[in-house]
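Accompanying notes for the structure given below.
The values are calculated or read from the model by the stated rules, or taken from the named source; none is laboratory data. Everything numeric in this text was worked out from a predicted model, so none of it was measured. Please note: Cβ atoms are built from the backbone with ideal geometry, for glycine as well, and neighbour counts cover all protein chains shown.
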Amino acid sequence: MKKIIVISMLILSLAGCGNIAPVETDNKNNKITVITTLFPVYDFARSVGGNKADVLLLLTPGTEPHEYAPTASDIVNINNADVFAYTGYFMEQWVSGVLESITSKNLEIVDMSKGNEIVNDDPHIWLDFENDKIMAKNIADAIIKKDPKNKDYYEKNLQDFISKIDKIDGEYKTTISSCKTKEIVYGGHYALGYLVRRFGLQYTAAQGLAPDSEPTVKDLIKLVDQIKNDDVKYIFYEELASPKVAETISNETGAKMLLLNNLESLPKDEFQNGKTFIDAMYQSLDNIKVGLDCK
């Protein structure tokens, strides 16, 4: 990180080859520029900013965010933007080093976790719909601060987005209340804490908080026994990480596999096709409906 900061300070006036295109300080289309880190932040900013903001995603779609390291040109682009929004230091631990190298006095920096309760060191705050409304309000406040003349436009977009969040939240509640089982077994890292907490589900994850953590043989044996004893029919797995743990459990128990994306990122093709956060959460609901045998 120190090397990145030193390099970035030497080339702040230049734009190199990073994950996103160079950001122009003189925005000829009169749109404000918002640079975001993870997909949920990007999608919330895009929903609020509409056609009056250029919203850019820093991490290449399909990238595992825990393994990301910013390039010098990424830092240049952030420095040239109007708004920089990230989830929080618990997820993007590299952000503190980047912010130390920022020289712009006009950059509005948004910690999207502000106002949210962090539960059990789980950084995936966007999997609680109440948190999503707070996060959307945080990015809206920053955008309005940089572009106050369009305040009414941004506030309307914010309310429209919140209405969509309230709608899907209600559908999750209704669906999950009808499920025959409330037990989610996740063959990935511990990333669904907020989701299961909100809807009163039971939750077992094969791995720890770190996506590259590996369960011990003892852990796997215990989980396989639990699945057999509870007659669990489906194992959920995460999209970006290797499904080998879920596959091992499935082979041992006969339980089928279903996708349940924690939405740190999207695969490149889904991102390019315009898939939204709410689209992805509806996909998760469809798989929860199957996996938990809901009406």
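Of note:
- Unmet requirement for D54, which otherwise passes all of (1) touching a Lys or Arg at 6+ places or on another chain (Cβ under 6 Å); (2) assigned to a helix (DSSP H, G or I): (2)
- Sole exception among (1) more than 22 Å from N77 (Cβ to Cβ); (2) in a loop (DSSP other than H, G, I, E, B) for T174, by number: (2)
- Flag if K244 is assigned by TED's automatic domain parsing to the domain that holds I227, among the basic types (K, R) and either crowded, with 16+ Cβ neighbours inside 10 Å or more than 20 Å from L57 (Cβ to Cβ) (or both): yes
- Condition met for D269 (in contact with a Lys or Arg (Cβ under 8 Å, 6 or more places away or on another chain), among the acidic types (D, E) and exposed (fewer than 15 other Cβ atoms within 10 Å of the Cβ)): no
Matching residues to (1) in contact (Cβ under 8 Å) with a residue 24 or more places away in the chain; (2) in a loop (DSSP other than H, G, I, E, B); (3) within 29 Å of E67 (Cβ to Cβ):
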position	(1), (2), (3)
I139	yes, no, yes
D152	no, no, no
S163	no, no, no
L195	yes, no, yes
T204	no, no, yes
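- In the set (1) touching a helix residue (DSSP H, G or I) at 6+ places or on another chain (Cβ under 9 Å); (2) assigned to a helix (DSSP H, G or I); (3) at pLDDT below 95, the condition left unmet by G49 is number (3).
- Test: T204 is over 20 Å from the mean Cα position of the chain (by Cα) and at pLDDT below 95: yes
- The set of residues in the stretch 84-108 that are over 25 Å from N262 (Cβ atoms) and either of a type in the set (D, E, K, R) or modelled with pLDDT of 95 or more (or both) comprises E100, K105, L107, E108.
- Output for the stretch 277-295, where each listed residue is buried (at least 17 other Cβ atoms within 10 Å of the Cβ) and either among the hydroxyl-bearing types (S, T, Y) or without any contact (Cβ under 8 Å) to a residue 12 or more places away in the chain (or both): S284
- Top-ranked residue in the stretch 235-280 [being of a type in the set (D, E, K, R), under 17 Å from L223 (Cα atoms) and in contact with a helix residue (DSSP H, G or I) (Cβ under 8 Å, 6 or more places away or on another chain); ranked as modelled with the lowest pLDDT]: E252
- Flag for Y190 being in contact with a helix residue (DSSP H, G or I) (Cβ under 6 Å, 6 or more places away or on another chain), of a type in the set (F, W, Y) and farther than 18 Å from A280 by Cβ: no
- When the stretch 58-91 is filtered for residues that are aliphatic (A, V, I, L, M) and either farther than 20 Å from Q272 by Cβ or in contact (Cβ under 8 Å) with a residue 40 or more places away in the chain (or both), the ones remaining, listed by number, are L59, A69, A72, I75, V76, I78, A81, V83, A85, M91.
- Residues that are under 15 Å from the mean Cα position of the chain (by Cα) and of a type in the set (G, A, S) within the stretch 88-114 comprise G88, S113, listed in sequence order.
- Scanning the stretch 116-137 for residues that are in a loop (DSSP other than H, G, I, E, B) and at pLDDT 95 or above yields a single hit, D128.
- Of all the listed residues (K137, K105, K146), the sole one being closer than 20 Å to D166 by Cα and either among the basic types (K, R) or not assigned by TED's automatic domain parsing to the domain that holds Y42 (or both) is K137.
- Scope the stretch 112-143; condition surrounded by fewer than 19 Cβ atoms within 10 Å (Cβ to Cβ) and closer than 25 Å to N80 by Cβ; matching residues: K114, D141
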